[in-house]
Amino acid sequence: MLEKPKVIVIVGPTASGKTALGVELAKKINGEIISADSMQIYKEMNIGTAKPTKEEMQNIKHYLIDFIVPNERYSVADYKKHAKQAIKEILKKGKNPIIVGGTGLYIDSLIYEIEYQNIKFDEKYRKELEDKANKGGLENLYEEAKNIDPEAIKKISRNDKKRILRILEIYHATGKNKTEQEIQSRKKEIEFDYKIYALSWDREILYQRINHRVDIMIENGLIQEVKDIYKKYDEFPTAMQGLGYKEVVQYIEGNCTKQEMIDKIKQETRRYAKRQLTWFRKNKETIWLDGNNDIQNNISIILEVLN
């Protein structure tokens, strides 16, 4: 059998240092980076998504960042297709593909070869769900989704409106729940040899890093970023349901104070990081790297395993 091309995957919770590690590794091994972040795909949403700046990219080409407008729908199936195209493009150049990100669904679609159906969007049904959420609260929809797909709901926060609605929409469109579809779709042979590394931190240090990052986002103009998007689109697009954005929307609409907004973003981001770690620990083939290590030390560990 022909040896499959190797693809390096760097995952970890938010604020764990994935971007910096990915860039340094790319410089070392003639690599290019494919983002696996479901929020960094959006144009104009730069501060709240911690999108890498040109300086942080250090002339390393990045794929699947900053290419979708905030009111455009983008599915996991779309991501898988585009990520595979990017992998093949990088390999064709004679370079090494490096996947970097914290969106578990994006990562799993590649490393497990999961075929997510590109389900046709039913606008009428979505409006019904939105109305239910507004009138009866999101909790009722959460319980409905829990009855339909108890396995998928374990990975979702009770206030993650976007993903709760997605579970309901998938079932409405196909008659099968998301978990059933994933099990069925994993039968396809995996195309590449994925080598997966994850960054781990002491929980308290990680939480300090998250809190500090949120403070920096506020200082850098996150509130104004949200206002600009609202002004441009004359509404808050679906992307505004993302972590760090929905809390600012609440503040802009007068539903909380500025400090309450900041505290809420920090709290929800810490919770999200905890869920990310749980998600990535499921894969027993993942090699864990100590975030406290010098970046070059972690690169040495990656290279040892690769060789």
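Filtering Lys187, Lys178, Lys154, Lys231 for residues that are exposed (fewer than 13 other Cβ atoms within 10 Å of the Cβ), closer than 30 Å to Lys4 by Cβ and either at pLDDT below 90 or of a type in the set (Phe, Trp, Tyr) (or both) leaves a single hit, Lys187.
Please work out if Thr103 is crowded, with 16+ Cβ neighbours inside 10 Å, touching a Ser or Thr at 6+ places or on another chain (Cβ under 6 Å), in the same structural domain as Ala198 (by TED's automatic domain parsing) and in contact (Cβ under 8 Å) with a residue 60 or more places away in the chain. Criteria met by Thr103. Reported count of residues in the stretch 255-291, each being closer than 17 Å to Ile218 by Cα and in a loop (DSSP other than H, G, I, E, B), is 2. Of all residues in the stretch 149-164, those satisfying the criterion of being assigned to a loop (DSSP other than H, G, I, E, B) and within 16 Å of the chain's Cα centre (by Cα) are Lys155, Ile156, Ser157, Asp160.
Per this entry, Glu247 is counted among residues that are in a helix (DSSP H, G or I), among the acidic types (Asp, Glu) and touching a helix residue (DSSP H, G or I) at 6+ places or on another chain (Cβ under 9 Å).
Condition (residue is assigned by TED's automatic domain parsing to the domain that holds Asp37, more than 30 Å from Thr269 (Cβ to Cβ), polar (S, T, N, Q) and free of Cβ contacts under 8 Å to residues at least 12 places away in the same chain) applied to the stretch 83-93: is it met by at least one residue? Yes.
Among residues that are farther than 21 Å from Lys51 by Cβ and assigned by TED's automatic domain parsing to the domain that holds Ile302, Glu235 is included.
Of the helices (runs of 4 or more DSSP H) that lie entirely inside the stretch 1-92, those containing 1 or more residues that are more than 25 Å from Asp193 (Cα to Cα) span 54-57.
Every test in (1) in a helix (DSSP H, G or I); (2) in the same structural domain as Asp149 (by TED's automatic domain parsing); (3) not aliphatic (A, V, I, L, M) is passed by His212 save one, and that test is (2).
Any residue at all in the stretch 212-224 that's in contact (Cβ under 8 Å) with a residue 24 or more places away in the chain and touching a Pro at 6+ places or on another chain (Cβ under 9 Å)? Scanning the stretch 212-224, I find no residue that is in contact (Cβ under 8 Å) with a residue 24 or more places away in the chain and touching a Pro at 6+ places or on another chain (Cβ under 9 Å), so the answer is no.
The values are calculated or read from the model by the stated rules, or taken from the named source; none is laboratory data. All of these numbers come straight from a predicted model, not from anything done at the bench. Cβ sites come from the backbone with ideal geometry, for glycine too, and all protein chains shown count toward neighbours.
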